[in-house]
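Below is one structure, written out as structure tokens; comments come after it.
Each value in this text was obtained by applying a stated rule to the coordinates, not by laboratory testing. Owing to the predicted nature of the structure, the values given are computational and were not obtained by experimental measurement. Every residue, glycine among them, receives a Cβ derived from its backbone with ideal geometry; neighbour counts consider all protein chains shown.
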Amino acid sequence: MIGYMDYVEKCFYSTTNWNIDNLTENILSTSENLINFKLPKGFKFDISSNSTDYNYSSLSLSNNGKLSGSLAYLYCSKKLKIVNGTKNISLQEAIDGYRVIENPLNNYDFLDKKRSHEDGSLLYGRMHFPTRALEAMMIKRLSPTSQFTVKCINLPKQVKNQANPGIITFYYQNDFGKYSREFIFSSNEALMGFRFLYNIGSNKKNFNSKNNTSGANTNFNTNNSNSFDSTIIKNFHMYNSMLSLGTEVWYGALNMSPGLSSSLRYATHSTSTGKPLTMTLSCNPILGNISSSYSVKTSVSSTFCSKYDFNIYSYESNLSLGCELWKFSHSKNPKVESDVESRRKDKKKVILENINGSDDDFRVLNKSFPILNDKGNKKRSININRNNNASSSNNNNNNNNNNHNNKNNNFKKNNNNSSSEDAESNDVIATFSKLVSDSDFSSVIKASTSLKDKNLKLLWQGRFNGFLLSGGCCISFREQVPQLPVVGLQVQYSS
């Protein structure tokens, strides 16, 4: 369960059109949310309120062996209309889970973003007691593509002659859609860092222009037997897929210690069901750590993730598994996935009714829309009149001009069939995404396990009478005698 101030910060990014998923630090966020999620410790109670349209406050009390707490204030120069209390907030916004990565190139156009950009600033401060530790943050939008952030923390001196243990960190971030970069400097050991992320993929505008160009160009080499396959190649550039390459470089000037890591993320959707999936690969060559993960939303209410870690120096490895199961707020679980299948059947029916009887059309339909019989075991064949094709092939040697025209017509038909496949796939993806966003959930159960750690983490998060509850425990199987798990509970309320 994310904190109230973190939720307000996310709303600030959404209001000012800042994409947090297009940053290197969040490239592995999906697997972290599904496997390495945090469990509440002891008992914690948070109460927050939106006192004015621009001011937010939060009070936190926790008991984990000793009583402690914190008091936080936040000021935002923009009126955040999308901030909701715990009674009205969507559970998917209050919980860190599977993050659907949208292609930033689809919604990114410099002129449009410049018009929709809203300058804004955010000021945040928190005081912890009884430790008297202070933390603060400032976020300032400088331009449609740049942002400046300052974070600092000040700890009380433990010894009289101790140096000031405060740390301040500066972030200068740029997001150009196609790529993003960050310049970082921290007073801790004079640490300097640079992060860079580059996206490989096609945006919707270029994808549509390619379709129009390919559809208009009907003159091609008739001797090329693979001319039809060229219309299928563009499916690799579907604008719902995105490959992101990220890297970060660090250097501590005082201790002269370097740091380097790189990561890769591939996010796409299944064209048949519309379900999103994310694959990541990260590497730290200095420490020798290699990690890969695979996350998929198996249904509207379930997600599964697997992660494998390996060290090339020590040969140690670890396999981690995680999942989350959502419960609908209604007593009866609606069969939302049947809508996707029904839309696909309607698309198949329309295309089959308009089939022109050519071999190429049959090959496209048979490849993209396998039609099953009542038992669902064998593909039902489509009766196609091939006599016309046989007679036309006999006349090819007598009339080359007609043969050239027939191939041009077939190319047009194949182009139309490929375009209809793309439109059908995009419609299924949009339908599934809308079902997920419009679903009303009441609770979620998260579970993760690790073969190396030999433990099982369980977390339940839900809503009860306007309160957000989060409870979890960790069961360890290392000891021969199983120990009773320590259960933690967190309660949040905001108005």
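Under 18 Å from a point placed 7 Å out from the Cα of Ala430 along the Cα-to-Cβ direction: which residues of the range 270-289 have their backbone N that close?
Under cut-off, by backbone N: 270-276.
Calculate, for Ser187 and Ser262, the FRET efficiency according to 1/(1 + (r/R0)^6) with r their C-beta to C-beta distance and R0 25 Å; round to the nearest 0.05.
Numbers: r = 26 Å, r/R0 = 1.05.
Calculated transfer efficiency: 0.40.
Which pairs break 18 Å Cα to Cα here: Lys41/Lys446; Lys10/Lys44; Lys10/Lys81; Lys44/Lys66? Don't jump to the answer; show the numbers that get you there.
Details: Lys41/Lys446 16 Å; Lys10/Lys44 22 Å; Lys10/Lys81 12 Å; Lys44/Lys66 12 Å.
Over 18 Å apart, Cα to Cα: Lys10/Lys44.
Per residue of the range 13-21, what does 6.51 cos²θ - 1.76 cosθ + 1.60 with θ = phi - 60° give for ³J(HN,Hα)? Whole Hz please, x for Gly and Pro, Karplus curve as stated.
5, 5, 5, 8, 6, 10, 8, 6, 6
What FRET efficiency do you get for Leu134 and Phe467 if R0 is 30 Å and r is their Cβ-Cβ distance, rounded to the nearest 0.05?
Numbers: r = 29 Å, r/R0 = 0.96.
Between Leu134 and Phe467 the formula returns 0.55.
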